[in-house]
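Scroll down for the structure; my scribbles are underneath it.
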Amino acid sequence: MKHLGRISLPIALGCSTLLGLLVWTSSCHGDRGSESPSTLANRQADRDHLVEEYIIPHGVTDPAVLAVMRRVPRHRFVPSTYASFAYMDGPLPIGHGQTISQPSLVAKMTEALTLKKTDKVLEIGTGSGYQAAILAELAGTVLTIEIVEPLARQAELTLAELGYRNIRVRVGDGYLGWPEEAPFDAIIVTAAPDHVPQPLLDQLAVGGRLILPVGRFFQTLELYHRTADGYEHKTLSFVRFVPLVRERREEE
Ligand code: SAH
């Protein structure tokens, strides 16, 4: 395996538990509020601000990714209690001790996947469904797996309300991937395993890209590229995600 990259600071926050622990309240289950037209208009300005002030400065340059970050209404993916924080560049609680990732990191991971309109993408860790929506705007089909059933159901509802028809949500342990649907042109993992799951490497098409955080406390964002004769790999940055949990003890 070729090692191509080097590590850069600072730490970006994925679906980290840190903020969740600080601001968690029992009122943050469900209740994704709808917005009045005037609030929605303001939210466009908020999204533009997020892109200009945080996402571009984080080094994201792909115009298609920037356009999607300006378009997808992140406030619809968080409980209404947190909707007013939706366009700050931080993670937010989504219930069940989980969080939606920091938008600049969502954009960076998406950009690294270099998606095409025909790509079939697998996401592990549906959470709110926000990352799935971003992927679905840039790819052909998105399959996403979430281990916490109520989160999967809520994400399905939100995505249906917003009109996404090219996303399938499954409840289960994403460590194993979705073998019946493999191979995938791109795979993204938004919870951190302590090693790279072999099933995900196996389910990558030749030419496919896999991006994932790896590690227990210290985590790095890793990018794999499947070639005709193996995998190329580079480490992108330090990150902080919630751990990937297993449904049952590993037999692998
Ligand atoms: N991508 C999400 C954020 C994910 S937070 C978003 O855009 O909102 C990480 C998610 O991974 C959590 O919802 C957590 O329940 C889920 N998760 C953790 N371990 C998992 C596993 N083994 N399989 C599938 N999902 C898992």
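Per-structure values
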quantity: Beta bridge orientation in region 56-169: antiparallel %, DSSP, nearest 5; calculated: 25
quantity: At most 16 other Cβ within 10 Å, DSSP loop - trypsin sites (Lys or Arg not before Pro), region 204-244; calculated: ARG216
quantity: Ascending count of other beta-carbon atoms within 10 Å, so fewest first, for ILE187, ILE134, ILE11; calculated: ILE11, ILE134, ILE187
quantity: From the C-alpha gyration tensor of region 104-189, square roots of 5λ in Å; calculated: 17, 15, 12
quantity: Dipole magnitude of region 44-91, debye to nearest 20 (Cβ charges: Lys/Arg +1, Asp/Glu -1, about Cα centre); calculated: 260
quantity: Euclidean distance of C-alpha centroids, region 103-143 and region 191-209, integer Å; calculated: 15
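Computed from the coordinates by the stated procedures, all read-outs in this text should not be read as laboratory data. Everything numeric here is computed off the predicted structure, so don't read it as measured data. Here Cβ is always computed from backbone atoms with ideal geometry, including for glycine, and neighbour counts include all displayed protein chains.
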